[in-house]
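Taken together, the values in this text are just the output of simple stated rules run on the coordinates, not laboratory data. A quick note: this is a predicted structure, and the numbers were derived from the prediction, not measured. As a convention, Cβ positions derive from the backbone with ideal geometry for all residues, glycine included, and neighbour counts pool all protein chains shown.
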C-alpha cells in the first residue's frame with residue numbers, strides 16, 4: 001500500500017480519474033459539482049467507473065463575518081452590533097446551504113458549533 005499526498009486539487013482529481021490513484025478520501029479533493037448531483041448522488045457520467053461511499057464523519061464548517069475587532073472595516077460597520085449579526089444568523093437557511101454548497105452532504109448545525117455526539121456538547125447550553 002502506498003499513500004500519496006498531492007497538493008493541487010485538480011491534479012488529484014485528474015490522477016484519480018485516469019486510474020493512477022485507487023481512492024480519494026473526502027469531497028475536498030474533487031470538483032464536487034462535476035462529481036455529485038445536487039442531491040449528493042454520483043454523477044451518472046462516473047457510474048460503473050467509480051464507487052461512491054458516504055460515511056458519517058466529523059467536520060464543522062462555519063461562516064465568520066468581519067471577525068477581527070481591530071480591523072478598520074469592523075470599527076465602523078453595523079456588523080459590530082450583536083443584534084445585526086443575530087438578524088443575519090436568523091435569516092440564513094442552513095438546509096439550503098447544505099443543499100447548494102455541499103450537494104446535500106452533511107447536516108445543518110442548529111445546536112451550536114459543537115455537534116451532538118461530541119464529549120463537549122452540552123444540550124443545556126444550546127440556545
Any chance you could give the angle, 0 to 90 degrees and rounded to 10, that helix 82-91 forms with the longest Cα principal axis of the chain? 40 degrees
Using a Gaussian network for the chain with springs between C-alpha atoms less than 10 Å apart, which of these wobbles most: 25, 77, 37? 77
Residues of region 11-53 with backbone nitrogen within less than 20 Å of a virtual label 7 Å along the Cα-to-Cβ line of residue 2, please, listed as ranges. 11-25
Please give the Cα centre distance for region 15-34 versus region 98-126, rounded to the nearest Å. 26 Å
Summing -39500 (n - 2.57) over every DSSP H run of at least 4 residues in the chain and dividing by its residue count gives a helix-only mean residue ellipticity at 222 nm, to the nearest 500 deg cm²/dmol, of -7000 deg cm²/dmol
Highest-MSF residue in the chain out of 12, 74, 114 [GNM, Cα springs under 10 Å]: 74
Dividing the surface of the Cα convex hull of region 58-127 by four yields a projected area in nm² of 6.0 nm²
Kirkwood-based Rg over Rh for region 1-55 (C-alpha set), two decimals? 0.94
Classify region 25-84 as rounded, prolate or oblate, taking a ≥ b ≥ c as the square roots of the eigenvalues of its Cα gyration tensor: rounded when a/c is under 1.5, otherwise prolate if a/b is larger than b/c and oblate if not. prolate
Of the residues 21, 101, 42, which exhibits the maximal mean-square fluctuation in a Gaussian network model of the chain defined by a 10 Å Cα contact cut-off? 21
By counting other Cβ atoms within 10 Å of each Cβ, how are 18, 32 ranked from fewest to most? 18, 32
Per-bin percent of Cα-Cα distances, the chain [10 Å]: 10, 29, 29, 22, 10, 1
